[in-house]
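Report on the structure given below.
The values are calculated or read from the model by the stated rules, or taken from the named source; none is laboratory data. Here the structure is a predicted model, which is why all the values come from computation and not from measurement. Positions of Cβ are backbone-derived with ideal geometry, glycine not excepted, and every protein chain shown enters the neighbour counts. All accessible areas refer to the heavy atoms of the entire protein, side chains included, with ligands and DNA or RNA removed. Shrake-Rupley method; radii C 1.70, N 1.55, O 1.52, S 1.80 Å.
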Amino acid sequence: MTDTVDNAKATPDHEQPYRELGLKDDEYARIREILGRRPTDAELAMYSVMWSEHCSYKSSKVHWKHWSANTTPEMKAKMLAGIGENAGVVDIGDGWAVTFKLESHNHPSYVEPYQGAATGVGGIVRDIMAMGARPLAVMDPLRFGAPDHPDTRRVLPGIVAGVGGYGNCLGLPNIGGEVVFDPSYQGNPLVNALCVGAMRTEDLHLAHASGTGNKVILFGARTGLDGIGGVSVLASETFSGDEGGTGRKKLPAVQVGDPFTEKVLIECCLELFREGIVVGIQDLGGAGLSCATSELASAGDGGMRVELDRVPLRATGMTPAEVLSSESQERMCAVVEPADVDAFMRVCAKWDVIATEIGEVTDGDRLVITWHGETVVDVPPRTVAHEGPMYERPIARPQHQDALVADTPDTLARPSAPDELRALVLRMAASPNLASRRWVTEQYDRYVRGGTVLAQPSDSGMIRVDERTGRGVALATDCNARFVKLDPYTGTQLALAEAYRNVAVSGATPLAVTNCLNFGSPEDPGVMWQFEQAVRGLAEGCKELGIPVTGGNVSFYNQTGSTAIHPTPVVGVLGVIDDVRRRIPTGIGAEAGETLLLLGD
Amino acid sequence: MARVVVDVMPKPEILDPQGQAVARALPRLGFAGVSDVRQGKHFELEVDDSVDDATLARIAEGFLSNPVVEDFVVRRVGS
Amino acid sequence: MARVVVDVMPKPEILDPQGQAVARALPRLGFAGVSDVRQGKHFELEVDDSVDDATLARIAEGFLSNPVVEDFVVRRVGS
Amino acid sequence: MRIGAVTFPGTLDDSDTLRAITAAGAEAVPLWHGDADLRGVDAVVLPGGFSYGDYLRAGAIARFAPVMDEVIAAAKGGMPVLGICNGFQVLCEAGLLPGALLRNAGLHFVCKDQWLKVENNATAWTTRFDAGAEVIIPVKNMDGRYTALPATIDELEGEGRVVFRYAGANPNGSVNDIAGITDATGRVVGLMPHPEHAIDALTGPSDDGLGLFLSILDAAVRA
Ligand SMILES: Nc1ncnc2c1ncn2[C@@H]1O[C@H](COP(=O)(O)OP(=O)(O)O)[C@@H](O)[C@H]1O
């Protein structure tokens, strides 16, 4: 039997597995307080995913004050969308806007390297599409454990093949990334993915549902049992024994990507944007329909009604909670005026994309979701999407930090004899962190779309945005986590400075910053100290350089047992160049008689 | 010497884009009546008689298939 | 409804690097006694009873396999 | 001269192909897989990509698209057709060219700048090259290993129908280093490397790829 709102009212004392879903006692109590009753299974599923660390940023949000405190009006001048949107957007001139963002897919990539990495690329590309942009290129900052560890042999080839398999099939050039080995990533490889896209400034689409009577359309792939891992406890609690029941517990929490479907979805979205028939749009990412419906409604000016049973399914016997939590890939949700629905459906049919009207924008301020006529969700959407819990986690500089900093390289023996120096240089040249990355980069298409001006082995990737004028953008991502571990504040500024330099030396002018903050557990005060220092370092560094942080992503809990990874705040810098023909390629010796100058000291 | 066949298939609940692409194409090619297609891998191994079933299962599970997303079946098909 | 299995294999004279890679890796992983591996595709179709064997053969030959480089076998495996 | 480039679902290099056609001085005409209509073009290019995700086999599903019936008929009537990468795979699947393209011997996707030797400069698509010239053009694919039964290879070699051969390292294990072939008429050509990505040294390793598009313009002028 479906757990409806009426049923929830009638059975206030029904025990719910909220702890298994990751909610704390006080969080569950707050949900009951918001609703004035116990949540239904479907509501519980929604709140639990949306209030997870990953979706709610509950441990990190309090530190965002550093961004605002360090962003001056001049820095904001070119920013068309910033933190809080799917991705930051900057004005690069000539009527062009560029959007870019970094995101992590670390944990899924350890479980299933190929699909984890592939769906990481797929997810960030949909974020960029949700801004109304055409995705132009991807990058992939990667971190692995020791190169000779057997698990690295399992994880690395799969991750590289997954990044390539998805990006190549989507037709997005890979214009850069990083490959770093360090034993601290042994049980926690980092798969960060960046996507950059461009649009005309007037085509910027923000994710919100407004206009009473506008239709909510779900389009793209069918919804299946992918990635509902956690939520399956609901089914087993409620229906133990029957076909929706305990068997679900064994479901793998992995999603399988279908890059072909995403490629078609991209072209379909771009045609919809060109036709001007999209009022609001949202990608379906980590928290599936829970996220898309609550965020669209929360950011709009009304409520929303959704008939969940209209969602096209791939599996039989799915419960409303499962449909809401499914992480099936390659789906988008749009808000469309009633008069444009036919035109919308025609474009989807042309691209053979399944599209279904699942609801509409309503007066009032409730998100109401029905299942075969019965109400299973009735919530204020802001409480799901934007007013989740927020924590001031304890912060403490680790006790061993002083010892770590005191242990300088001065104690190491230095080679002095020529043959010692020679041996050292050879060892360095052959070391995995300095060796050629060709084995990786050769698996990535860097030519597709014909706009790649710089890619590996350049310091930054550069893409032509406007074919007529040659206007383009350059991007670099960097982070030396060993520096960050020694001094999170300065180390993060070094990451910023390196990415900034890598963009600048290509001939582009740095304009904006994104980040992906990969850290250990936020419940560890030492980790939170690293985190706070890193955020403040990045924010203040950006102020110094005069370029704003326009977005980013946080990945916590990157640790094995109680041992965290090195703090790894990957920083991405975007720059603009008015004519890519004036790019400066990496390398010396193209012409005889060149003079070599060393700048700085 | 024995011939051993290992069939590896995506788990039923896992998306199978390849099988779906085939299923969608068939009606366009004029073939009606095929309601579902799933696509997996088929391995044929020439195996020494000394290799027992437990070893074959370990090869199939640990190497020929990816247990996170795939199931497998091992069959000896005579020599 | 019947389940139909189609196995598609590279022709014997065609190089099969995927199978070879498996065969080469097995001894390294500590599995002895596998002398040859070939890798092909395995399709499982849910087919209406009205679909006859001739049609299935046409689907397998004209679509699921490429006769230039592949052989196929069709099997009905009960309903 | 009007040259068409077909977009299948999953085609990726259609815009690059249209750009290359324009750069060569011809009128570029987008063609849609679902339309049984070649819009009056004088030649057709099937661009690269992953049509239908390359699920089943590379090119296997695309070859049944409505536009392909027209392409096959036109090719049989003498219209020049060029298949690049996935387009080459489609032409093989459609039987306009012999053989097949299988998974790279290294089992990885490979993207690199590749030296090619022009073996046959008499096809409709290669007259701008000197015979024996070496050109550099990107190769990028997962299923680029050209394979055919020995008799077919002997026939291709015997009749001089190998158009391009990999020079230097063979990137995918292709038989006899074959990178591109032609049909018996010299009008239908398929190759794995991507001439449309080599039309400008700004975005490619060279502008050597333009030669194919200029050749077909010459053929039209001569006709
Ligand atoms: N995972 C990756 N994906 C794509 N490109 C990469 C990746 N890793 C490294 N690269 C590219 O390879 C080149 C060399 O990388 P790296 O040795 O890390 O450069 P550097 O030491 O100058 O930062 C750069 O152009 C970089 O963008």
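Points to keep in mind about this one:
- Yes/no for residue D:143 being open to solvent by less than 50 Å² (accessible area, probe 1.4 Å) and either away from chain C (no Cβ under 13 Å) or modelled with pLDDT of 95 or more (or both): yes
Residue-by-condition table, conditions (1) modelled with pLDDT under 95; (2) among the acidic types (Asp, Glu); (3) in contact with a helix residue (DSSP H, G or I) (Cβ under 6 Å, 6 or more places away or on another chain); (4) open to solvent by 70 Å² or more (accessible area, probe 1.4 Å):
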{"position": "A:539", "(1), (2), (3), (4)": "no, no, yes, no"}
{"position": "A:544", "(1), (2), (3), (4)": "no, yes, no, yes"}
{"position": "A:550", "(1), (2), (3), (4)": "no, no, no, no"}
{"position": "A:569", "(1), (2), (3), (4)": "no, no, yes, no"}
{"position": "A:573", "(1), (2), (3), (4)": "no, no, yes, no"}
{"position": "A:597", "(1), (2), (3), (4)": "yes, no, no, yes"}
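- Pairs are defined by a Cβ separation below 8 Å, a sequence spacing of at least 6 or placement on different chains, a first member in region B:15-26 that is more than 9 Å from chain D (Cβ to nearest Cβ), and a second member that is part of a helix (DSSP H, G or I); the pairs so defined are B:26/C:59; B:26/C:63.
- Near pairs, Cβ below 6 angstrom, 6+ apart or cross-chain, from region A:59-72 (without any contact (Cβ under 8 Å) to a residue 40 or more places away in the chain) to any residue that is of a type in the set (Gly, Ala, Ser) and open to solvent by less than 30 Å² (accessible area, probe 1.4 Å): none
- Residue match in region B:66-77 (condition: open to solvent by 40 Å² or more (accessible area, probe 1.4 Å), within 7 Å of chain C (Cβ to nearest Cβ) and not hydroxyl-bearing (Ser, Thr, Tyr)): no
- Search result, residues across region A:364-398 that are of a type in the set (A, V, I, L, M, F, W, C) and either part of a loop (DSSP other than H, G, I, E, B) or open to solvent by 50 Å² or more (accessible area, probe 1.4 Å) (or both): A:390, A:395, A:396
- Any hit, region A:8-30, residues being more than 29 Å from residue A:524 (Cβ to Cβ), hydroxyl-bearing (Ser, Thr, Tyr) and part of a loop (DSSP other than H, G, I, E, B): yes
- Filtered by the rule that a residue be assigned to a loop (DSSP other than H, G, I, E, B), farther than 12 Å from residue B:45 by Cβ and not charged (D, E, K, R), region C:23-50 gives C:29, C:30, C:32, C:50.
- Only one of the numbered conditions (1) more than 7 Å from every other protein chain (Cβ to nearest Cβ); (2) outside any helix (DSSP H, G or I); (3) open to solvent by less than 40 Å² (accessible area, probe 1.4 Å) is not met by residue B:12, and that is (3).
- Annotation for region A:147-166: no member residue is over 24 Å from residue A:561 (Cβ atoms), surrounded by fewer than 24 Cβ atoms within 10 Å (Cβ to Cβ) and more than 16 Å from the ligand (Cβ to nearest atom).
- For region A:167-186, taking the residues that are of a type outside the set (Val, Ile, Thr), over 19 Å from the mean Cα position of the chain (by Cα) and not in a helix (DSSP H, G or I), the one that is farthest from the ligand (Cβ to nearest atom) is identified as A:186.
- Residues within region A:417-462 that are within 12 Å of the ligand (Cβ to nearest atom), touching a residue at least 40 places away in the same chain (Cβ under 8 Å), part of a loop (DSSP other than H, G, I, E, B) and not small (Gly, Ala, Ser), tallied: 10
- Inter-residue pairs, beta-carbon under 8 Å, first within 14 Å of chain D (Cβ to nearest Cβ) and open to solvent by 10 Å² or more (accessible area, probe 1.4 Å) and in region A:170-195, second in a strand (DSSP E or B) and more than 13 Å from the ligand (Cβ to nearest atom), 6+ apart: none
- Selected residue (only one of A:478, A:487 is more than 16 Å from the ligand (Cβ to nearest atom), away from every other protein chain (no Cβ under 14 Å) and closer than 30 Å to residue A:63 by Cα): A:487
- Test result for residue A:54, closer than 24 Å to residue A:207 by Cβ, open to solvent by 50 Å² or more (accessible area, probe 1.4 Å) and part of a helix (DSSP H, G or I): yes
- When A:130, A:137 are checked against the criterion of being farther than 21 Å from residue A:455 by Cα, among the aliphatic types (A, V, I, L, M), open to solvent by less than 20 Å² (accessible area, probe 1.4 Å) and more than 10 Å from the ligand (Cβ to nearest atom), a single residue qualifies: A:130.
- If the condition is being within 14 Å of the ligand (Cβ to nearest atom) and either in contact with a Cys (Cβ under 9 Å, 6 or more places away or on another chain) or among the polar types (S, T, N, Q) (or both), then region A:194-203 contributes only A:194.
- Qualifying positions in region A:74-127 - of a type in the set (A, V, I, L, M), closer than 17 Å to residue A:257 by Cα and at pLDDT 95 or above: A:117, A:118, A:121, A:124, A:125
- Of residues in region A:463-475 being among the β-branched types (Val, Ile, Thr) and touching a Gly at 6+ places or on another chain (Cβ under 7 Å), the one nearest to the ligand (Cβ to nearest atom): A:463
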